[in-house]
Amino acid sequence: MFQSSPILLGQYRPLGSFLHRLDARAKMVPVTLVLILGILTHSFIFYLVVLAALIFALLYSKVGSATLIKNFKPVLILVLITVFYHIFFSNQATAVLVEIFGFKLTTGALKMAGYYSLRLILFIAVAFLVTLTSSPSELADSFTKVLKPFQKIHVPVDDLALILFMAIRFIPVLFEEFLTIRNAQIIRGVRFSGSVFNRLKKTVYIIIPVFVAAIQRADELALAIQARGYRGGTKRTYYSQSRFGRKEWFFTLVSSSLIGVVFYLTR
């Protein structure tokens with residue numbers, strides 16, 4: 001069965017919502033704070049509250065609920081892997097809830113499964129929010145401006161921003177390549193149905209061509225950059241001028257304060 005691209009991460013949607021009009025630096029501060037506190041906290045409530053706020057922000061940014069559900073489906077595979085791993089291998093010395101054929105489901109394992117699954121969903125929701133409401137070029141420029149002081153200690157900020165831009169931009173490109181090759185293999189008679197082992201074995205027919213195509217694209221991109229005279233470490237200007245105004249300060253301070261309060265109350 002043919003499949004169109006459902007991927008959302010890395011695909012900027014040029015809409016007119018409040019978050020779209022914000023300078024990308026205003027979104028980077030609370031997002032960074034969420035990522036840091038998300039690693040430090042051990043509270044389910046913190047994850048649930050912040051995740052609910054992120055989903056509300058995505059819907060407020062005019063992203064339909066059907067689109068979000070469709071694009072969160074691939075994440076469920078990673079969540080299931082995380083859940084099964086912790087159920088089988090984490091905190092086996094805690095209290096046993098159920099024992100079936102020698103397998104013991106413990107309270108600690110169940111807690112760790114839920115804890116790391118929520119963390120994974122939270123981080124992916126953050127990535128969705130940033131890439132949906134800010135173009136790759138805006139993110140790269142903001143990254144450069146935020147880390148500009150580190151240039152004094154010879155950190156290659158411009159080169160790191162270029163790498164970030166290409167990484168974000170190539171996520172949907174490589175996924176489109178994956179779908180194109182998959183559909184081509186289906187036309188040739190390859191069937192990706194049946195048992196899990198059979199699907200994994202036939203995935204090789206896709207992974208290798210995608211890997212080769214990625215190398216070819218990287219080589220072409222390197223030649224294109226070189227042909228345009230790109231040199232690392234030189235002083236650069238910005239094509240688009242952004243302004244960190246009152247609404248950016250308001251959003252940054254309010255959102256960061258609310259995140260801090262939620263972390264403090266649920267620590």
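The values are calculated or read from the model by the stated rules, or taken from the named source; none is laboratory data. Quick caveat, the model's predicted, so the values are computed rather than measured. Heads up, the Cβs are rebuilt from the backbone with ideal geometry, glycines too, and the neighbour counts pull from every protein chain shown.
Quick notes on this one:
- Test: residue in region 172-184 that is in contact (Cβ under 8 Å) with a residue 60 or more places away in the chain, under 30 Å from Ala57 (Cα atoms), in contact with a Gly (Cβ under 8 Å, 6 or more places away or on another chain) and not assigned by TED's automatic domain parsing to the domain that holds Leu40: yes
- Residue match in region 191-198 (condition: small (Gly, Ala, Ser) and either in a helix (DSSP H, G or I) or within 21 Å of the chain's Cα centre (by Cα) (or both)): no
- For Phe175, the stated conditions hold: it is under 16 Å from the mean Cα position of the chain (by Cα) and either in a helix (DSSP H, G or I) or under 30 Å from Val83 (Cβ atoms) (or both).
- Residue count for region 177-222, restricted to those that are among the hydroxyl-bearing types (Ser, Thr, Tyr), at pLDDT below 80 and surrounded by 10 or more Cβ atoms within 10 Å (Cβ to Cβ): 2
- Number of the condition not met by Ala167 [criteria: (1) among the small types (Gly, Ala, Ser); (2) exposed (fewer than 13 other Cβ atoms within 10 Å of the Cβ); (3) over 25 Å from the mean Cα position of the chain (by Cα)]: (3)
- Matching residues in region 134-153 - criterion: being small (Gly, Ala, Ser) and surrounded by fewer than 18 Cβ atoms within 10 Å (Cβ to Cβ): Ser137
- Condition broken by Thr82, with the remaining ones in (1) free of Cβ contacts under 8 Å to residues at least 40 places away in the same chain; (2) outside any helix (DSSP H, G or I) satisfied: (2)
- Some residue of region 119-130 being within 30 Å of Arg231 (Cβ to Cβ), under 19 Å from the mean Cα position of the chain (by Cα) and modelled with pLDDT of 80 or more: yes
- Filter pass, Thr131 being out of contact with any strand residue (DSSP E or B) (no Cβ under 7 Å at 6 or more places or on another chain), surrounded by 15 or more Cβ atoms within 10 Å (Cβ to Cβ) and among the polar types (S, T, N, Q): yes
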